[in-house]
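Structure record follows, encoded as structure tokens.
The values are calculated or read from the model by the stated rules, or taken from the named source; none is laboratory data. Since the model is a prediction, treat every value here as computed from it, not as a measurement. Heads up, the Cβs are rebuilt from the backbone with ideal geometry, glycines too, and the neighbour counts pull from every protein chain shown. When the accessible area is computed, the model is the full protein with side chains, heavy atoms only, and any ligands, DNA or RNA have been set aside. Shrake-Rupley method; radii C 1.70, N 1.55, O 1.52, S 1.80 Å.
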There are 2 protein chains.
Amino acid sequence: MIQVDQALAIVAANSSKMPVKKIKVAKALGYVLAETIYSPIDMPPFRQSAMDGYAFIHSDLTSLAVVGISQAGDYSNSTLEKNEAIRIYTGAYIPDAADTVVMQEHVTVKGGSITIDKVPPVTINVRNKGEQIEKGAVVLEKNTVISAAAVGFLAGLGIVTVKVYSKPKVGIIVTGNELVAVGKKLPKGKIYESNAVMLAAALKSVGINKPVIFKVKDSLKATAKVIESCLTQFDVILISGGISVGDYDFVKEALVQNGVEELFYKINQKPGKPLFFGKKEDKLVFALPGNPASSLTCFYVYVLAALKKRLGLTNIHLPKMSRKISAAYNNTTGKTLFLKGFYSDHDVRVLESQSSAMLNTFSTANCFITIPNDVTAIAANEEVTIIPFN
Amino acid sequence: MIQVDQALAIVAANSSKMPVKKIKVAKALGYVLAETIYSPIDMPPFRQSAMDGYAFIHSDLTSLAVVGISQAGDYSNSTLEKNEAIRIYTGAYIPDAADTVVMQEHVTVKGGSITIDKVPPVTINVRNKGEQIEKGAVVLEKNTVISAAAVGFLAGLGIVTVKVYSKPKVGIIVTGNELVAVGKKLPKGKIYESNAVMLAAALKSVGINKPVIFKVKDSLKATAKVIESCLTQFDVILISGGISVGDYDFVKEALVQNGVEELFYKINQKPGKPLFFGKKEDKLVFALPGNPASSLTCFYVYVLAALKKRLGLTNIHLPKMSRKISAAYNNTTGKTLFLKGFYSDHDVRVLESQSSAMLNTFSTANCFITIPNDVTAIAANEEVTIIPFN
């Protein structure tokens with residue numbers, strides 16, 4: 001049995017980046033760049049007005065004849081004398097001869113002429129060609145996460161596709177003779193299957209929208225066969241249940257038969273102790289405890305980190321914060337605890353019912369409170385580490 | 001012109017909840033419950049073993065004959081005498097006669113019998129029927145946001161569908177003769193259209209995956225027509241560009257023609273001053289500034305709040321935090337500033353290039369730093385409010 005920090009380090013060290021693929025910028029949100037992007041154009045691509053107003057040649061003259069117009073999208077490179085001006089709009093092409101734009105609020109219009117009431121400094125309200133970025137300059141570095149702003153930035157430079165790390169394909173294997181599909185009648189001794197839909201929902205938080213779900217009966221042969229098939233199709237395989245030491249838990253043996261190397265099995269934590277992590281080549285296998293709350297805890301703490309690493313992200317863990325705990329808490333387990341908590345701006349409280357079989361509390365919690373295995377008592381108002389989720 | 005807080009209040013007050021619809025639990029992540037859910041079953045639905053071990057009748061006897069087996073999923077309600085035990089597995093049905101489960105690590109097996117080496121307290125390792133939740137009890141309250149844990153909780157109770165507030169349908173209207181679609185050649189005086197793809201990417205953060213995008217030339221007639229059509233199809237309409245006071249900005253007039261009531265126009269902030277917010281019945285219209293960084297700022301601060309309100313959420317604003325600013329900053333504008341910043345665990349720094357036309361900085365920022373309009377100077381290391389995004 002290993003400690004939480006060791007387990008986290010093993011997950012990070014064994015999760016490799018996914019292969020690189022090309023993707024349309026419009027679909028690239030949340031992906032990580034696998035190449036540094038250089039600008040194919042100057043931006044702005046031409047000298048642009050930053051205001052609605054009048055473009056002119058800066059001089060002592062303040063009465064100017066309006067001799068032309070430049071709307072956004074136009075290209076009419078009018079010639080211009082010192083006593084002339086061009087009506088111009090925000091974003092429009094500034095004729096090469098002009099050096100300054102006076103905003104419309106600072107002129108008086110009379111017939112075809114203007115008087116500048118407040119002469120602006122020379123070159124004001126002019127956005128120079130390449131001012132935002134020059135052709136050939138770095139737009140975004142390799143390994144940048146593509147945000148909505150980055151999508152806009154790339155699109156604005158006319159970039160259609162970028163190279164990113166692919167999303168891992170995820171397969172979910174659900175084991176257990178006791179499980180009945182939601183929507184069916186519940187025979188005595190059975191329960192509804194809920195871990196697969198829960199994990200599928202949790203996967204959406206990293207943009208993995210379509211995991212494939214397999215249900216398998218508690219038999220070594222059937223379990224080994226579905227694992228064999230999943231290892232050829234998926235990059236990350238989540239197995240729900242069947243990993244404890246009970247006679248009817250075939251998963252570990254089925255993994256061995258398929259050549260999946262064990263990287264760890266069991267972590268000194270509560271809930272989520274019986275977690276198995278293994279790999280075969282670059283395929284990762286997590287066998288999660290069957291108890292729903294344990295399963296989701298292991299997902300947030302370990303599986304999410306592995307998926308983010310495979311996506312190319314560098315910040316792979318849920319961010320930590322600290323809060324004052326509202327009441328004293330004793331840890332008599334010798335294990336690292338991931339308690340379901342509810343935090344506000346000020347403090348955090350441990351929610352009732354921390355049972356690993358129950359999702360009641362998880363449904364209304366907004367964070368884990370982590371209590372290290374070697375901490376036995378925490379006083380009220382002591383600072384604790386919390387990990388917000390959802 | 002109004003202040004930021006007034007604008008936020010007007011957005012909240014005028015954004016109504018969407019109509020209620022039924023949705024499958026498996027697809028309900030991120031939706032808000034429009035009904036209180038009561039449990040249709042006891043959970044667990046029967047007395048369940050919490051361990052792999054042996055079920056028996058607690059007494060002085062410690063040598064017991066193993067007379068049956070109960071695997072998870074089985075229902076065989078064996079009769080039992082005080083000197084008998086049933087082999088049982090985690091999650092399996094406990095025969096009605098038994099009152100206690102001893103874990104397998106605490107017995108010695110010999111042929112068809114066991115000796116209990118460590119007698120457990122009576123009723124231990126038994127999960128009682130309805131222990132997690134009783135039939136008819138409240139599962140989740142109305143207005144709860146459906147998390148991955150909630151999906152699992154509902155599914156585990158056999159609940160197939162729930163009533164939620166629908167997602168608003170969003171239409172994006174892009175105005176501007178200067179705009180060219182990404183992928184085409186860029187004629188002089190034109191720029192690439194990037195706001196629509198940027199806003200579409202930003203919408204994904206609230207699970208709105210398929211906004212419909214319309215492009216319209218700078219003409220009053222065309223603009224009015226597309227707004228008329230959008231008002232019949234969408235719940236929230238985003239208009240990009242065309243809202244300033246330039247002669248070629250037809251949007252405001254087109255909104256008036258369509259009976260869209262102005263709720264505010266222009267906010268005392270930078271960037272994003274020329275924001276228009278209006279409504280017609282329950283349809284909301286935001287006309288966003290054309291400058292990409294202004295547009296995205298207004299999206300995060302105002303549009304996102306309106307969408308979350310329509311989705312039924314109560315926490316509609318991006319969460320605020322505070323950090324020490326790494327260098328002094330002066331606000332000579334008299335406006336509330338939304339500066340692009342980068343925060344760490346310790347502090348936050350204002351990034352270079354805050355121009356509203358530029359997305360460079362936005363692409364690498366991870367937060368806004370808000371400086372109130374009435375604050376003129378902030379010293380280095382002073383605490384400031386930040387609003388993380390992405």
Condition check for A:VAL151: facing another protein chain (nearest Cβ under 7 Å) and open to solvent by less than 10 Å² (accessible area, probe 1.4 Å): yes
Enumerate the pairs (first residue in region B:216-232 and without any contact (Cβ under 8 Å) to a residue 24 or more places away in the chain; second residue anywhere and part of a helix (DSSP H, G or I)) with beta-carbon separation below 9 Å, excluding pairs fewer than 6 apart on the same chain, so at least 6 apart or on different chains. B:LYS221/B:ALA254; B:ALA222/B:ALA254; B:LYS225/B:ALA254
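One line per residue, one yes/no per condition, for (1) modelled with pLDDT of 95 or more; (2) touching a strand residue (DSSP E or B) at 6+ places or on another chain (Cβ under 6 Å):
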{"residue": "A:LYS135", "(1), (2)": "yes, no"}
{"residue": "A:GLY152", "(1), (2)": "yes, no"}
{"residue": "A:GLY158", "(1), (2)": "yes, yes"}
{"residue": "A:VAL164", "(1), (2)": "yes, yes"}
{"residue": "A:GLY171", "(1), (2)": "yes, yes"}
{"residue": "A:SER205", "(1), (2)": "no, no"}
{"residue": "A:ILE213", "(1), (2)": "yes, yes"}
{"residue": "A:LYS217", "(1), (2)": "no, no"}
Quick one: B:PHE342 ticks every box in (1) in a strand (DSSP E or B); (2) crowded, with 20+ Cβ neighbours inside 10 Å except a single one, so which number is it? (2)
Within region A:61-75, identify whether any single residue is outside any strand (DSSP E or B), in contact with a Lys or Arg (Cβ under 9 Å, 6 or more places away or on another chain) and either surrounded by fewer than 18 Cβ atoms within 10 Å (Cβ to Cβ) or among the aromatic types (Phe, Trp, Tyr) (or both), and answer yes or no. yes
For region A:28-36, indicate whether the set of residues that are within 13 Å of another protein chain (Cβ to nearest Cβ) and free of Cβ contacts under 8 Å to residues at least 60 places away in the same chain is non-empty. no
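Conditions (1) at pLDDT below 95; (2) within 14 Å of chain B (Cβ to nearest Cβ); (3) outside any loop (DSSP other than H, G, I, E, B), marked per residue:
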| residue | (1), (2), (3) |
| --- | --- |
| A:CYS230 | no, no, yes |
| A:LEU238 | no, yes, yes |
| A:LEU263 | no, no, yes |
| A:SER322 | yes, yes, yes |
Is at least one residue of region A:214-222 of a type in the set (Asp, Glu) and either closer than 11 Å to A:ILE172 by Cα or away from chain B (no Cβ under 12 Å) (or both)? no
Can you give me the number of residues within region B:251-260 that are open to solvent by 50 Å² or more (accessible area, probe 1.4 Å) and in contact (Cβ under 8 Å) with a residue 24 or more places away in the chain? 3
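With A:GLY171, A:GLY176 as the choices, which residue is in contact (Cβ under 8 Å) with a residue 12 or more places away in the chain and within 30 Å of the chain's Cα centre (by Cα)?
Values: A:GLY176 fails: within 30 Å of the chain's Cα centre (by Cα).
Selected residue: A:GLY171, the only one of A:GLY171, A:GLY176 that is in contact (Cβ under 8 Å) with a residue 12 or more places away in the chain and within 30 Å of the chain's Cα centre (by Cα).
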Can you report the number of residues in region B:122-148 which are within 12 Å of chain A (Cβ to nearest Cβ), among the β-branched types (Val, Ile, Thr), assigned to a loop (DSSP other than H, G, I, E, B) and open to solvent by 10 Å² or more (accessible area, probe 1.4 Å)? 1
All-but-one check, A:PRO19 against (1) open to solvent by less than 60 Å² (accessible area, probe 1.4 Å); (2) away from chain B (no Cβ under 14 Å), failing number (1)
Could you tell me which residue of region B:345-355 is least open to solvent (accessible area, probe 1.4 Å), considering only residues that are at pLDDT below 95 and either over 21 Å from B:SER295 (Cα atoms) or of a type in the set (Ser, Thr, Tyr) (or both)? B:SER355
Selection status of A:THR108, assigned to a strand (DSSP E or B), open to solvent by 40 Å² or more (accessible area, probe 1.4 Å), over 29 Å from B:GLN354 (Cβ atoms) and touching a residue at least 40 places away in the same chain (Cβ under 8 Å): no
Test A:LYS129 against the stated conditions and say whether it is modelled with pLDDT of 95 or more and basic (Lys, Arg). yes
Residue check: is A:GLY272 surrounded by 20 or more Cβ atoms within 10 Å (Cβ to Cβ), more than 12 Å from chain B (Cβ to nearest Cβ) and either on the phi > 0 side of the Ramachandran plot or in contact with a Cys (Cβ under 7 Å, 6 or more places away or on another chain) (or both)? yes
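Please work out if B:VAL197 is touching an Asp or Glu at 6+ places or on another chain (Cβ under 9 Å), in the same structural domain as B:ILE239 (by TED's automatic domain parsing), at pLDDT 95 or above and outside any loop (DSSP other than H, G, I, E, B). Please lay out each step first, then the result.
Details: touching an Asp or Glu at 6+ places or on another chain (Cβ under 9 Å): no; in the same structural domain as B:ILE239 (by TED's automatic domain parsing): yes; at pLDDT 95 or above: yes; outside any loop (DSSP other than H, G, I, E, B): yes.
Considered against the rule, which asks whether it is touching an Asp or Glu at 6+ places or on another chain (Cβ under 9 Å), in the same structural domain as B:ILE239 (by TED's automatic domain parsing), at pLDDT 95 or above and outside any loop (DSSP other than H, G, I, E, B), B:VAL197 comes out as no.
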Those residues of region A:176-208 that are open to solvent by 10 Å² or more (accessible area, probe 1.4 Å), under 30 Å from A:ILE146 (Cα atoms) and facing chain B (nearest Cβ under 9 Å) come to a total of 5
Just a yes or no: is a residue in region B:44-60 in a loop (DSSP other than H, G, I, E, B), open to solvent by 40 Å² or more (accessible area, probe 1.4 Å) and free of Cβ contacts under 8 Å to residues at least 60 places away in the same chain? yes
Collect the residues in region B:77-96 that are within 11 Å of chain A (Cβ to nearest Cβ), of a type in the set (Ser, Thr, Tyr) and either open to solvent by 50 Å² or more (accessible area, probe 1.4 Å) or outside any loop (DSSP other than H, G, I, E, B) (or both), keeping them in residue-number order. B:THR90, B:TYR93
Within region B:149-164, which residues are over 19 Å from B:ALA92 (Cβ atoms), touching a Ser or Thr at 6+ places or on another chain (Cβ under 6 Å) and outside any loop (DSSP other than H, G, I, E, B)? B:ALA149, B:ALA150, B:GLY152, B:PHE153, B:ALA155
Note on A:LYS266: of the conditions (1) open to solvent by less than 40 Å² (accessible area, probe 1.4 Å); (2) within 20 Å of A:GLN6 (Cβ to Cβ), unmet is (1)
How many of the residues in region B:155-194 are touching a Pro at 6+ places or on another chain (Cβ under 7 Å) and closer than 21 Å to B:GLY207 by Cα? 5
